[in-house]
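Everything on this sheet refers to the single structure shown next.
The values are calculated or read from the model by the stated rules, or taken from the named source; none is laboratory data. Everything numeric in this text was worked out from a predicted model, so none of it was measured. Cβ coordinates were reconstructed from backbone atoms using ideal geometry, including for glycine residues, and neighbour counts include every protein chain displayed. Just the protein is used for accessible areas: all its heavy atoms, side chains included, with ligands, DNA and RNA removed. Shrake-Rupley method; radii C 1.70, N 1.55, O 1.52, S 1.80 Å.
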Amino acid sequence: MTKPAFNPSLPAARLIDPRALMTIRNLELRARVVVEGFWNGIHRSPYHGFSVEFTEYRQYTPDDDPRYLDWRVFARSDRYFIKKFEDETNLRCYLLSDTSRSMAYGSVGYTKAQYAATLAATLAYFLHLQGDAVGLLTFDRQLREYLPARHRAGHLRHLMLTLGQPAAGSATDLAVPLRRVAELVRKRGLVVLLSDFLAPLDRLERDLAALAACGHEVVVFQILDPAELAFTFENPALFEDVESGRTLFLDPAAARKEYLRRLEAHCAGLRATCGRLGAACHRLETTRPLELALFDVLRQRMRRRTQVRRAGRYGPNHA
Amino acid sequence: MSFLAPWFLLGGLAVAAPLVFHLIRRTTRERTPFGSLMFLFPTPPRITRRSRLEHLILLVLRCVAICLLAVGFGRPFLKKTVASPPAPGSARRIVLLVDTSASMRRANLWAQARARAESILRSVSSADQVALFAFDRQVRPLVTFEQWNAAPGGERAALALGKLAANPPGWSGTRLGDALITAAEALADSSGKASASAGRLILLTDLQEGSHLEPLQGYEWPRGVELSVEALKPGRSSNASLQWMAEAGDSGAKGAASLRVRVGNAADSRREQFQVGWARPGGGFVGESKTLYVPPGQSRVVALPTPSAGDPVDRVVLRGDDEDFDDTVFAVAAETARLKVLYLGAEAEQDPKQPLYFLRRAFQETRRQVVQVLAHSPTAALGAAEARDALLFIVADPLPGETCDAIRVQLAAGKTALVVLKSTALASTLAGLLGLDRVSLEETRPDSYAMLAQIDFRHPLFAPFADPRFSDFTRVHFWKYRRLDPAAIPGARVVAGFDSGAPALLEVPAGKGRVLVLTSGWQPADSQLALSTKFVPLLYSILEQSGAPDPAPAQYRVGDVVPLPSLAVGERSAAVLRLPDGSQAELAAGQTNFSQTTMPGIYTVVSAQPARRFAVNLDPAESRTLPLSVDELERMGAPVSRQGPAAAYEVRRKIRLENAELESRQKLWRWFAVTALGVLLFETWLAGRTGRRLAVQGGATS
C-alpha cells in the first residue's frame, strides 16, 4: 500500500472552518464535529488505505491473527477488520494546555486559548473513541488543573468541562509544568503540548529533554494568531501586552520587518529544539482547520510507529 | 487694515500645529491588545508623505480657520486718516500762570517756580506769544500778550522774569479754580476763533489741597486750550498749622477769657511734637507754652488764656514745625466798647417810680461792652462834647429849645433819640426834636389796660422778638398812654400800636438819625414794661440800632475787606492805618471798607481815637499743603496734557483710544469669527465624511 503524502490543499469545503466551528458553544460537540468530519473525510477520501493503517484498523487479510478481528465492526459492516489494540490501549496521552493570558489573544473572533481548547478536546475525543486514556494538564506559570490519563465513562466529560474553563492564567512559564508532568507521568505516553510558546525558550530544551528521556512521545503545537504571524497592523498605536499589561507605542510599518524576523527566529529556535529532541513541532495558525491538526498528530504517531517498527524489524544489529 | 491687538496675530503661528499633526502619522489613544510584545521595540511615529497628500483639504481648512481666528483676535479695523496735531514748530500762544499764594513760601518752592518759569520762557520761540499771570486769591496779569509782543525779541524773557521776581508769594489764599478760568478765558479770547488750537496754559503751582478747585466743576473748558501742570514739590514735607478758632468767654464780664487755636498736622508730616503759646513780635514765648502731641493727619484744639489788655503780646506761635509760614495766629486783646446813653430827665436816680431807676439797671456791664447811663438835667445846658460822646439820647422831660437843637445836630449825624412821653408836657419838646411847629398829645387812660397789639416784627427793633416763643407782648399792660396822630408827623412809621389803635412806638427819621417815640413810660405808673422780660432786650435792640458795635469780634483773613463804618461816619477825613510791617495806608474819604489786608498781622487804625486794632490772619486753607494729584484737575474737567514721556504716552493713549473706537464701530472681528466658524463646520463635516469613508474602506479590505 502506498502512503500518499497528505495534501494540505484539500478542497476547503471539506474542512470545517474554525470560525464556524467556534460558534458552537459546547466544546464536546465541537470536538465531535471535528472528529466525525475527520472520519467522514477519511472515508470519502481517496486515501483509504492509508487511513486504515493510520487509524489502526485494517481489513483482514490472510495470515492475520483472527483474534484481532473486530466483531462489532463486522456486525455493523459485515466486513472483517483487524483491530490492533495491544499497543494503542496502552497509550496514555497527556494534553498540556497553556492557559496563560497571552493565549487569550485573538484577532479572528476567537482566541488562541479557545482554539487550543478545541484542539485538545478534539484530540481527547478522538483518542477516547479509540479507547486511549487521555489526561489533561492546564498551566500558566504553574500547574493549574491536572486530570490523570484515564479511559472510563465520564472522564471525557470531566475533561471537556476542565477545558471549557476560560483562560485566566498569568504569564507563560513552560518549565514548571513540564517538570511537573515528568514527575507525575511515569508511564510512557504521548505528551501533546499546546501553547503559543511566546516566552523565552532558555530552559525549554532541558525540560522537554527530561520528558523525552522518560520515553514520552512529545508533540508540540505552537498556536499563533494570524495577526501575530503576519503582524498586519497598519496604523501607529499603543500596543498592550495582554499578558503583562505593558504598553508600547509603535509604528507597525516600521516594526513589522524586525518583528517578523524575531518571530521567525524564535519559531526556528523552537523547531530546532524539538528537532533535537525528536519531538514533532507544528505551528498552527488559529484559522487552520482542526482536522489538519488532528491529522498532524496521527501522522506523527504513524511516522513514529513506522520508525519503531523498522527499528524493531531490523534491529540495531541489522544496522 | 490695522490691528488693535496685533500680538494676537502670533496666534497664527499655530498653523504649524495642524501641519505637524498632518505630517505625523495619525496616532490613537486606543490601546491595541497584542499577544506578546517580546518581539517588538518602540518606534516613533514617522512623517509620511502619504498623510499629507490624503488630507490636504482638511489641512488647508484647519490652517485657514486658525489664521481667521488669529486675525479676528487681533481686532482688525480699517484705519481712517485722523487730523494730526499742529506741528511743534508753529507759533504758539502760551499763558504762564504762577502761583504766588502763601503756601508757595514753603522751602524752595518759589525758587523752583522761578527756575521753571525761566526755562519755559527761554525755550519759547520768537514767534510764540507769552503772557505771564500770577495768582493767589486773584489773578494779576504781570505781562500781557501786548507787552510781550511790544518788547524786543531778546528782552521778552528778561522782562517776564523781572516781573515775576518783583511779585514774590504773598500771604493770600489760593483760588486756583478761578485763576485757571480767568487765564483760560484770556487765552481763548485773545486767540482767533478760526484757529483749532487756542493755546497752551502752563500752570506753576504746588497744587496744594486747599487750592479751591470748585469753580472748575461748572466750567466748560474752552476748546483748544491745553493745560500743562508743573507741580512743584517742596524738599521738606513736614507742615503743621495754627488756626484761630473762636474766643471763649465772650459773655463773661470779668472772667478769665481764653483764645482757642487749632493745631493741625499735615498727613505727610514727620513731626508730631509741637509747642504753642503767646509770643511777642519777633520774640519767644510769653508765659508758659503748651506742648502738644499731634499725629500726622490729625488736629488738636487748645485753649490759651487771653493775656491782659496791657500785655503787648498779640500773637500765638507754633514751634516745632519745618514750615513757619502758617505757624502764627494774630489776635488782638478784646477791647471794651464804652457806650454812653444820655438820659435827659429831672427825676431822682433812686426813685423806683421813675424810668431812670429801671434804665440804670437794664444795661449790664460785659467784657466787650460797658454802657454808661448819664443823667442830665433838662434845664442844664448840653455841651457839644457831651452830646457827641453820647450814642443814644433818652428824653423823658421837656427840654429847652437849645438842648433840642443840640440833639438835632447829633440826630442829623446819625444818632438816635428815644422820646419817652411820660406826660403831654413833652409835646413841645417832641415838636422841637422833629422840627415841627407843634405836636398834639392827648392823655389816654383805658378802662382797664392797654396792651401792644400791632407790632411790626420785621422792624429791626422787634426782629429779635419775631420768634413765636418771644412774640407774646400781651402780658405787658399799659395803664395809660399819650395818643398822638402819626399822620401829623411826616415820615413817621408806627412800629408798634396799642390794641385801641393808638400808636405805641413810632420811628421818625431825622437827618441821618432818627427819633423813636414811646407814647407811654416804662415806669410802673404808666405800664408794666420795665418789669417785663421784654424791656432789656428792647433797650439793647434800640442801642444796637443806634450804632453800637457788634459784640462778636470778627476774624479777618488776608485779602478780606474790613468794614470800618464807624470811622468813616464819624470822621470825614481819610482814616490812616498802620500795617503790620510798619507802613501806613490811607483810607480815602467816604470809604468804609479797607481792602489792603495783604499780610497777616495786627492792623491799627491810628486816626481813630482811641486807636482801633484788628487782626488779619492767614487763610486756613493755605495750611492744607498736601499735594493734590494732577488727575484731580482732570476730574474737574481741565484737560491736562503731560509733557515728555508722559506726553508721548498721552498721544499713544489717544491714538489707542481712537483705534479702539474705530474697531468697536467696525467690529470686523465678528466677520472673521463667523467665517472661521463656517470653515470649522465645513471641516468637521468633511473630516467626518472622510473618516466614514476610510472606515468603510477599511471594513471592506478586512
Meets criteria (touching a residue at least 12 places away in the same chain (Cβ under 8 Å), open to solvent by 10 Å² or more (accessible area, probe 1.4 Å), out of contact with any Asp or Glu (no Cβ under 7 Å at 6 or more places or on another chain) and within 13 Å of chain B (Cβ to nearest Cβ)) for A:ALA171
no
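What helices (runs of 4 or more DSSP H) completely inside the stretch B:1-89 contain at least 3 residues that are at pLDDT below 70, more than 30 Å from A:GLU243 (Cα to Cα) and outside the structural domain of B:VAL124 (by TED's automatic domain parsing)?
Filter on the stretch B:1-89 gives B:49-54.
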Restrict the check to the stretch B:563-572 and report whether at least one residue is open to solvent by 80 Å² or more (accessible area, probe 1.4 Å), at pLDDT 85 or above and basic (Lys, Arg).
no
All conditions in (1) touching a Pro at 6+ places or on another chain (Cβ under 9 Å); (2) buried (at least 24 other Cβ atoms within 10 Å of the Cβ) are true of A:ALA104 except (2)
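Let's see how each residue does on (1) outside any helix (DSSP H, G or I); (2) over 18 Å from A:PHE221 (Cβ atoms):
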| site | (1), (2) |
| --- | --- |
| A:TYR110 | yes, no |
| A:THR118 | no, no |
| A:ALA121 | no, no |
| A:PHE126 | no, no |
| A:THR138 | yes, no |
| A:ALA153 | yes, yes |
| A:ARG157 | no, yes |
| A:LEU161 | no, yes |
Boolean, A:ALA230 is among the small types (Gly, Ala, Ser) and surrounded by fewer than 17 Cβ atoms within 10 Å (Cβ to Cβ):
yes
Yes/no for B:PRO295 being assigned to a loop (DSSP other than H, G, I, E, B), modelled with pLDDT of 85 or more, of a type outside the set (Ser, Thr, Tyr) and within 16 Å of B:PHE274 (Cα to Cα):
yes
Of the residues in the stretch B:477-501, those that are open to solvent by less than 50 Å² (accessible area, probe 1.4 Å), more than 18 Å from B:LEU434 (Cβ to Cβ) and over 47 Å from the mean Cα position of the chain (by Cα) number 6
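So which of B:LEU516, B:LEU461 is more than 17 Å from B:VAL439 (Cβ to Cβ), touching a residue at least 60 places away in the same chain (Cβ under 8 Å) and open to solvent by less than 50 Å² (accessible area, probe 1.4 Å)?
B:LEU461
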Collect the residues in the stretch A:221-261 that are facing chain B (nearest Cβ under 8 Å), over 31 Å from the mean Cα position of the chain (by Cα) and in a loop (DSSP other than H, G, I, E, B), keeping them in residue-number order.
A:ASN235, A:PRO236, A:ASP251
Check the stretch B:140-159 and report whether any residue there is touching a helix residue (DSSP H, G or I) at 6+ places or on another chain (Cβ under 6 Å) and acidic (Asp, Glu).
no
Single residue of the stretch B:231-261 satisfying the filter (open to solvent by less than 30 Å² (accessible area, probe 1.4 Å), in a strand (DSSP E or B) and at pLDDT 85 or above) that is farthest from B:ARG106 (Cα to Cα)
B:VAL261
Restrict the check to the stretch B:519-528 and report whether at least one residue is over 23 Å from B:GLU442 (Cα atoms) and either touching a residue at least 24 places away in the same chain (Cβ under 8 Å) or surrounded by fewer than 20 Cβ atoms within 10 Å (Cβ to Cβ) (or both).
no
Matching option when the condition is within 14 Å of another protein chain (Cβ to nearest Cβ) and open to solvent by less than 40 Å² (accessible area, probe 1.4 Å), among A:LEU201, A:LEU190, A:LEU208
A:LEU201
Can you find a residue that is within 11 Å of chain B (Cβ to nearest Cβ) and open to solvent by 30 Å² or more (accessible area, probe 1.4 Å) anywhere in the stretch A:270-285?
no
Going through the stretch A:149-161 in order, the residues found to be surrounded by fewer than 21 Cβ atoms within 10 Å (Cβ to Cβ) and in contact with a strand residue (DSSP E or B) (Cβ under 7 Å, 6 or more places away or on another chain) are A:ARG150, A:HIS151, A:HIS158
Looking at (1) surrounded by 15 or more Cβ atoms within 10 Å (Cβ to Cβ); (2) modelled with pLDDT under 50; (3) under 19 Å from the mean Cα position of the chain (by Cα), find the lone condition where A:PRO18 falls short.
(2)
Please determine whether any residue of the stretch A:114-123 is under 12 Å from the mean Cα position of the chain (by Cα) and β-branched (Val, Ile, Thr).
yes
Restricting the search to the stretch B:606-617, which residues are under 22 Å from B:ARG280 (Cβ atoms) and open to solvent by less than 30 Å² (accessible area, probe 1.4 Å)?
B:PHE614, B:ALA615, B:VAL616, B:ASN617
Before we move on, is A:ASP196 open to solvent by less than 40 Å² (accessible area, probe 1.4 Å) and at the interface with another protein chain (Cβ under 7 Å from one of its Cβ atoms)?
yes
Please go through the stretch B:110-133 and pick out each residue that is in contact with a Pro (Cβ under 7 Å, 6 or more places away or on another chain) and assigned to a helix (DSSP H, G or I).
B:TRP110
